[in-house]
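Written out below as structure tokens is the structure these notes cover.
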Amino acid sequence: MQPLFLVVGIVLLIAVIIDLFWTTLWVDGGSGPLSGRLTTGVWRGLRFVARERSRALSVAGPLILACTLVMWIGLLWLGWAFLFAGGSTALVNTHTGDPATWPGRLYYVAYTMFTSGNGDYTPTSATWELVSAATTATGMAFVTLAVSYVLSVLGAVSEKRSFASDVTGLGDRSESLVRTGWTGNSPDGSGRGGSTGSSGPTGAVTDGGSNTGAHSHPNAGDPFAGLDLPLESLATQLSLLAEQHKSYPILHYYHSEQSAQASAVAVPILDESLTLFRHGIPDEDQPNPTLVADARSSVDGYLETLETAFIEPAAQAPPAPELDRLREDDIPTVSDDEFEAALEDHAERRRRLLGVVRADAWEWPPVDD
């Protein structure tokens, strides 16, 4: 009997099984203790070697995923091998009758974990037969959970890039997104540069017998009506993305070669545009406040996932959006002083967003590919 080997084997098995179940089954748990540290270490190593080269960093996600699987296999393999080594004669060679050596134990465990064995070695008692059955069970559980985990992560990566493309398709910076949604309609529905009619006795707007103006379309008085559906869709996508990042923190390390497909760029663009809608545009010209609040809440959910990926806020807040870019399109804005004061209240939030951008090796939007 080798008590030390037994203890080492039990500790390794408990550690890897907890980490495996923690990472793959616990939705709110994020990465397990071992997986989380491995993920962060590999990413930091790649950042040091690759610096800011996007093509090199694009392998980070697949490499981290592969390293995680290898770690689980290796620890399970070693754990069971140490456990069998703890017995005085747990395994014997069926051909010679000699006790198994270390190569023999490793060989037996590898076969037993993923198959039913090949008969070269056999347990010497009922206890070790049960241990062998447990070895096979953990191997089958590993394969099932690992395959499900990989498929879930890869599916989430596709959704992550789809969300980023939807955001950057509206604008490569927050001011561009706001300008894209601006239709020029005034609150009374007259429209930018359009004609106005006279109001009849019932309040309907008439012009030679034809209805025009604010009552001709339910959204005619909303200068950002065209953004209602995109904002609602983006909020839904980001809420799902936040839950996926919470379940699979490895998603933070799937780096895209193009900024247009990088969620680390898209989320700050979306949130800064929401800041412009809420604090940079006068109240009477703002888009639907419910949609803005819903989208903002989705960003909050995304930011809550950063701790599981060990992403820290930046030391200073990023550059402020430029209201002059909106004024170029005759979009009404508040004064610069009022907007600056509002940004000070969101300094911590914006530092966290900048931390996301830098952690993914990008610059604050806009980004030149």
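The values are calculated or read from the model by the stated rules, or taken from the named source; none is laboratory data. Note that the coordinates shown come from a computational prediction; the quantities given were computed from them, not determined experimentally. Cβ sites come from the backbone with ideal geometry, for glycine too, and all protein chains shown count toward neighbours. Side chains included, ligands, DNA and RNA excluded: accessible areas come from the protein's heavy atoms. Shrake-Rupley method; radii C 1.70, N 1.55, O 1.52, S 1.80 Å.
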Antiparallel DSSP bridges in the chain: what percent, to the nearest 5?
100 percent
Answer with one residue from PRO318, ALA341, VAL357: the one whose Cα lies farthest towards the positive end of the charge dipole of the range 318-369, charges on Cβ with Lys, Arg +1 and Asp, Glu -1.
VAL357
For helix 3-25, report the angle its Cα long axis makes with the longest principal axis of the Cα atoms of the chain; keep it between 0 and 90° and round to the nearest 10°.
30 degrees
Angle between the chain longest axis and helix 289-303 axis [Cα atoms, degrees, rounded to 10]:
30 degrees
Sulfur and carbon atoms: percent of accessible area, the range 51-152 [1.4 Å]:
68 percent
Considering the values (i) 1.26; (ii) 1.20; (iii) 0.98, which represents Rg/Rh (Cα atoms, Kirkwood Rh) as calculated for the structure under consideration?
(ii)
What number, rounded to the nearest 500 deg cm²/dmol, is the helix-based mean residue ellipticity at 222 nm of the chain, given -39500 (n - 2.57) per DSSP H run of at least four residues and division by all its residues?
-19000 deg cm²/dmol
Taking Cα atoms only, helix 263-275 is inclined relative to the longest principal axis of the chain by an angle, in degrees rounded to 10, of 30 degrees
What is the chain's relative contact order, in percent, from Cα pairs under 8 angstrom and six or more apart in sequence?
19 percent
Send over a whole-number figure in Å² for the accessible area per residue of the chain, probe 1.4 Å.
48 Å²
Dipole in debye (nearest 20) - the chain, about Cα centre, beta carbon charges: Lys, Arg +1; Asp, Glu -1:
2000 debye
What percent does the relative contact order of the range 51-164 come to when contacts are Cα pairs within less than 8 Å and at least six residues apart?
21 percent
